[in-house]
Amino acid sequence: MGTTGQILYIKGDKNKEVTKSDVLLGDILSMECSDQTIVNRLKPVRLLKANGQGQKRYVVSILEVIAKIHEVCPNLTVENLGETDLIVTIEEQKKQKKVVQAVKSFFVLLVTFIGAGFSIMSFNNDVDVPKLFDQIYYLVTGTTSDGFTILELTYSLGMSVGILLFFNHFGKKRFTPDPTPMEVEMRTYEEDIEMTLIDEYSRKGKEKDVG
């Protein structure tokens, strides 16, 4: 089957997770060609094979991917529209019982709740919010606050509403289609990890050879 004059467009994400030890081109690449039979031939081609159990992570240069494609289709022109270095994470999926998942979720929520509450209390203690409210209440009403007034009530309600609006999330409901600050920070963190992995592998010459 001739491939002369044919152009294959490929696109790969910077970080791709698969759940099997044999990683195929079709697992990490989106491919498009006017001749669909070329795409069908390339999708089942093995890119790499993981050794051992547990999570494995490899950095693959797009040049190695193109070389693998040319082993199958020597005369094919390949146009890369994606990343130049691909991170492939291989991790076997383990089925967990719903009870275990529920316990883990509860633990994460508990830690988050305690941490957020401690941060708020630390802030209030640093700026001495109760004393400030006492002074404001005395200046406005001329009487001494008993520690639970309209100021404390509105402050608590306002903080709750502010947190919900800031994180743009309440349960499964979003107030706007924009990503939440937590999602933005997590994405930034993931990008930093990806760049560090690529730099480390490139510096040490450990880019994973396909085969």
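What does the accessible area per residue of the chain come to in Å², with a 1.4 Å probe and no ligands, DNA or RNA counted?
70 Å²
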- Along the charge dipole of the chain, Cβ charges K/R +1 and D/E -1, which of Gly115, Ile7, Asn125 sits furthest on the positive end? Ile7
- Within the chain, helix-based [θ] at 222 nm, where runs of 4 or more DSSP H residues each add -39,500 (n - 2.57), nearest 500: -16500 deg cm²/dmol
- Apply the membrane-span-like helix rule to the chain: whole DSSP H runs, Cα extent along the own long axis of at least 27 Å, mean Kyte-Doolittle hydropathy at least -1.0. List the helices found. 98-127
- Note on the structure: Here the residues of the stretch 114-150 lying in the modelled label zone of Phe167, meaning backbone nitrogen under 16 Å from a point 7 Å along Cα-to-Cβ, are 114-121
- Query: Using r as the Cβ-Cβ distance of Ala102 and Glu190, and R0 as 30 Å, what FRET efficiency do you calculate, to the nearest 0.05?
  - Reply: 0.70
- Within the chain, excluding any trypsin sites (Lys or Arg not before Pro) found in a DSSP loop (not H, G, I, E or B) and having at most 15 other Cβ atoms within 10 Å, the longest uninterrupted segment runs 98-171
- Query: What residue among Ile120, Ile66, Ile28 has the largest mean-square fluctuation in a Gaussian network model of the chain, using Cα springs under 10 Å?
  - Reply: Ile120
- Message: Run the numbers for Phe123 and Ala67: contour at 0.36 nm per residue of separation, minus the present Cα-Cα distance, in nm.
- Response: 14.4 nm
- Task: Scan around Leu47 for amide H atoms under 5 Å from its own, H built in the peptide plane at 1.01 Å from N, and keep only partners 5 or more places away or cross-chain.
- Result: Val23, Leu24, Leu25
- Message: Taking the Cα centre as origin and putting +1 on Lys and Arg beta-carbons and -1 on Asp and Glu beta-carbons, what dipole magnitude results for the chain, to the nearest 20 debye?
- Response: 1080 debye
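Over all directions, average the projected area of the Cα convex hull of the chain and note it in nm².
On the way: hull surface 75.2 nm².
Taking the Cα atoms of the chain, their convex hull projects to 18.8 nm² on average.
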- Given the stretch 14-150, what percent of its DSSP beta bridges are antiparallel, to the nearest 5? 70 percent
- Message: Compute, for the stretch 28-79, the length of the dipole vector about the Cα centre, with Cβ point charges of +1 (Lys, Arg) and -1 (Asp, Glu) only. Units Debye, rounded to 20.
- Response: 400 debye
- HN-Hα J in Hz across the stretch 142-149 - Karplus 6.51, -1.76, 1.60, θ = phi - 60°, x for Gly and Pro: x, 10, 7, 6, 9, x, 9, 10
- Query: In the chain, what percent of the accessible surface is made up of carbon and sulfur (1.4 Å probe, ligands and nucleic acids excluded)?
  - Reply: 59 percent
- Under 15 Å from the Cβ of Gln135, count the other residues' Cβ atoms, weight Lys and Arg +1, Asp and Glu -1, and hand me the total. -3
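The values are calculated or read from the model by the stated rules, or taken from the named source; none is laboratory data. Source: prediction; values computed, not measured. With ideal geometry, Cβ positions are generated from the backbone for all residues, glycine too; neighbour counts draw on all protein chains shown. The protein model used for the area step is the full one, side chains on, heavy atoms only, and it has no ligands, DNA or RNA in it. Shrake-Rupley method; radii C 1.70, N 1.55, O 1.52, S 1.80 Å.
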